[in-house]
Amino acid sequence: MDVDAYSYAHRRSWDRLDQLARRRKLSGAESDELVALYRRTSQQLARLQSHSPDPELIAGLSALLARARGRVLGTRTDTWAEIGHFFTHRFPAAVYRAWPWWASVAALFVAVSAWLAIWIEGSGRARELFGITSDNSAITAPGGAFETYYTEHPNDAFAAQVWTNNAWVAAIALFTGVLILPAVYLLFMNALNVGITAGLMAEADRLDSFFGFILPHGTLELTAVFVAGGAGLKLGWTLIDPGRLSRVEAVARQGRATATIALGLVGVLFVSGLLEGFVTPSPLPAPVRIGIGFAAEALFLAYVFGAGRRAALAQGVAAALPVEDSERWQTTSGTR
């Protein structure tokens, strides 16, 4: 079977089934059409399961059938249950599947930032290249601009400001990733900013203050940026190498995964904004503040590699089952 051709031939009926399943009210004719499309798509999924090794295509059709089945049986979608399912299954699974990309982004970002910090510390050529003045005490001194940045605004207003800014940066990294170079440029500029600041603080012998103010919120915040950048670059690479699917279908599928990650990262960045607004500038000792930041990071990684891995594996199992067993598995395991 030519799976790409088969998917293309039936894409319009699948889209129609999705439209009908999402409508609040259906006419009599539309209800009959919904039932007919549901039965036909079930047969098509069964055929794909016996010929196609593509788990994402099968999982997508299984989710479509599960939603249509709810309409056919007259059940209503519980909004809070859908939100809970998003954060327990869809979002962590999407982040988990993209982990090689964002882990690579993280490694390169840290390496570039560290190299820049080492080069800038005491390097006249680096200062000349980046236009850095010889006297930076206004930034690096105790109570200087680096430290007062976190304390000059009320905590709640500052938390809201950094949340909005970080969400914007993450969104740009995600959705310019399809063009690759803009996302790479954005990530490099962030690494440049971190590296220059670290180098200047190291030259002033104030790395303890640098890490004391960066790590409480920066570990989780930067991880969110890495995830956004990695997912965006994966989307861009899909445009170059769509694999077995057509380029349009592959990009559309990866685009949906990217949108899922974008929506979930809003919550992650909200948490990092709270940390930056209330923990980083707090009078708590630096080790305590850093410990809180590391704890938040550990919880996020456990969430992705625990819940995310389980959700991704469950979706893979559901995709490998016959259609009747697949729907039963989705009902009992919570995957959709």
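Numbers for the structure displayed
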item: Residue among Leu220, Leu265 that is more than 11 Å from the chain's Cα centre (by Cα) and either of a type in the set (A, V, I, L, M, F, W, C) or more than 18 Å from Leu57 (Cα to Cα) (or both); result: Leu220
item: Among the residues listed as Leu17, Leu73, the single one being on the phi < 0 side of the Ramachandran plot and in contact with a Phe, Trp or Tyr (Cβ under 7 Å, 6 or more places away or on another chain); result: Leu17
item: Some residue of the stretch 167-186 being open to solvent by 50 Å² or more (accessible area, probe 1.4 Å), under 25 Å from Ala126 (Cα atoms), outside any helix (DSSP H, G or I) and modelled with pLDDT of 90 or more; result: no
item: Cross-chain or 6+ apart pairs with Cβ under 7 Å, the stretch 130-144 first and modelled with pLDDT of 85 or more, then assigned to a loop (DSSP other than H, G, I, E, B); result: Ser137/Gly144; Ala138/Gly144; Thr140/Ala204; Thr140/Arg206
item: Qualifying residue in the stretch 73-96 (condition: open to solvent by 40 Å² or more (accessible area, probe 1.4 Å), outside any loop (DSSP other than H, G, I, E, B) and in contact with an Asp or Glu (Cβ under 9 Å, 6 or more places away or on another chain)); result: no
item: The stretch 192-216 residues that are under 20 Å from Val271 (Cβ atoms), paired with ones that are not in a helix (DSSP H, G or I) (beta carbon under 8 Å, 6 or more apart); result: Phe213/Tyr150; Phe213/Thr280; Pro216/Thr280
item: Any hit, the stretch 154-165, residues being modelled with pLDDT of 90 or more and buried (at least 19 other Cβ atoms within 10 Å of the Cβ); result: no
item: Any hit, the stretch 222-230, residues being of a type in the set (S, T, N, Q) and at pLDDT below 90; result: no
item: Residues located in the stretch 241-251, provided they are free of Cβ contacts under 8 Å to residues at least 12 places away in the same chain and either open to solvent by 60 Å² or more (accessible area, probe 1.4 Å) or closer than 26 Å to Gly84 by Cβ (or both); result: Asp241, Arg247, Val248
item: Subset of the stretch 261-290 [of a type in the set (A, V, I, L, M) and either open to solvent by less than 30 Å² (accessible area, probe 1.4 Å) or not in a helix (DSSP H, G or I) (or both)]; result: Ile261, Ala262, Leu265, Val268, Leu269, Leu275, Val279, Leu284
item: Total residues in the stretch 215-243, condition in contact with a Ser or Thr (Cβ under 8 Å, 6 or more places away or on another chain), among the aliphatic types (A, V, I, L, M) and closer than 11 Å to Leu275 by Cα; result: 1
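The values are calculated or read from the model by the stated rules, or taken from the named source; none is laboratory data. These numbers come from a predicted model, not from an experiment. Note: ideal-geometry Cβ built from the backbone for every residue, glycine included; neighbour counts use all protein chains shown. In case anyone asks, the SASA skips ligands and DNA or RNA and just uses the protein heavy atoms, side chains included. Shrake-Rupley method; radii C 1.70, N 1.55, O 1.52, S 1.80 Å.
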